[in-house]
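Notes follow once the structure below has been shown.
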Amino acid sequence: MTPTQIEEITQLRSRNVSPKQIARKLGLRPAEVTAIIKQQFAAGNIQKALPALKAVLIDEASAQTLLGLSPNKGLLGKINRSDVKSNGLSQIFILRVDDRNHHWVSSYLIDCWCLGIKDTLGPRQVTLKQYERMVEETEERFGQNLREITLEQALSVVYGAEDYARGLGFEPHSDFRRSRAHLGPRPDPLIDIEFGKDGKPFYISGPYDNPEKIMATLQKSMGEGNFDYIAGIGPPDEFF
């Protein structure tokens with residue numbers, strides 16, 4: 001059984017889906033699903049109730065190009081640009097608050113044109129001032145506002161990009177194993193979003209990539225001439 005299937009079992013079980021229903025959905029035997037659930041229960045790994053959702057943010061370019069939303073002034077409204085153009089990267093923040101009024105933030109850097117979940121952080125406990133500073137610095141670095149969207153929209157970007165990248169041969173960042181629990185259950189179905197650029201993958205190399213390995217993966221999964229690329233340069237992929 002793959003790690004992805006185990007994670008899907010955990011997510012579905014947290015929504016009180018029965019083992020038989022999970023098995024049917026994932027194409028597994030009920031006994032296999034039951035065994036995983038028992039192992040997780042013994043280890044205390046069944047997902048607990050998430051803290052209440054307080055804010056969901058995405059960069060303005062992604063809101064317009066991926067979700068089809070009209071221009072918006074963003075959370076803080078300090079950057080006056082409504083004509084932003086996408087570079088394929090999406091920045092998402094999820095802020096939650098627990099019953100002790102502690103704030104928890106997680107962030108997701110998504111390459112919507114090729115690599116999927118490129119980087120991720122959290123959940124990390126922060127003060128509201130720290131969170132607002134994170135947002136401000138991200139807006140300054142991206143050169144555009146971050147704006148409020150729905151959780152369903154954010155999850156559709158994250159999980160949709162993960163699915164798209166897996167189809168090309170790319171796994172999500174290793175830290176996504178931890179930060180995905182902060183998202184909540186995966187919607188079924190996801191909002192329909194077009195990934196890639198102009199109907200095919202478009203790889204722009206970043207400073208921490210292995211371009212040779214990525215290009216080889218694309219050639220294997222897509223074939224020569226079925227993807228576009230810019231190697232050696234690319235937009236900054238630092239984030240909080």
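Side notes on the structure shown:
- From helices alone, the chain scores -11500 deg cm²/dmol at 222 nm; the rule is -39500 (n - 2.57) for each run of n ≥ 4 DSSP H residues, then divide by the residue total.
- Counting only residues at least eight positions apart within a chain, or on another chain, the aspartates and glutamates with an alpha carbon under 17 Å from that of residue 54 are 98, 99, 132, 148, 152.
- Straight-line reach from residue 25: taking Cα to Cα under 14 Å and skipping same-chain neighbours fewer than 8 places apart, the aspartates and glutamates in range are 7, 8, 188.
- Of all complete DSSP H helices in the chain, those with a Cα span along the helix axis of 15 Å or greater and a mean Kyte-Doolittle hydropathy of 0.0 or more are 30-43, 151-168.
- Highest average packing first - 88-95, 120-127, Cβ atoms within 10 Å: 88-95, 120-127
- Shape category assigned to the chain from the gyration tensor of Cα positions, a/c cut at 1.5: oblate
- Computed E for residue 177/residue 54 - FRET, C-beta separation, R0 30 angstrom, nearest 0.05: 0.80
- Each of the peptides 211-217, 171-177, 8-14, 152-158 was scored by the mean count of other Cβ atoms within 10 Å over its residues; in descending order, highest first, they stand as 152-158, 8-14, 171-177, 211-217.
Coordinate-derived values only; no laboratory data. Nothing here was measured: the structure is a model prediction, and the numbers come from that model. Every residue, glycine as well, gets a Cβ built from its backbone with ideal geometry; the counts of neighbours run over all protein chains shown.
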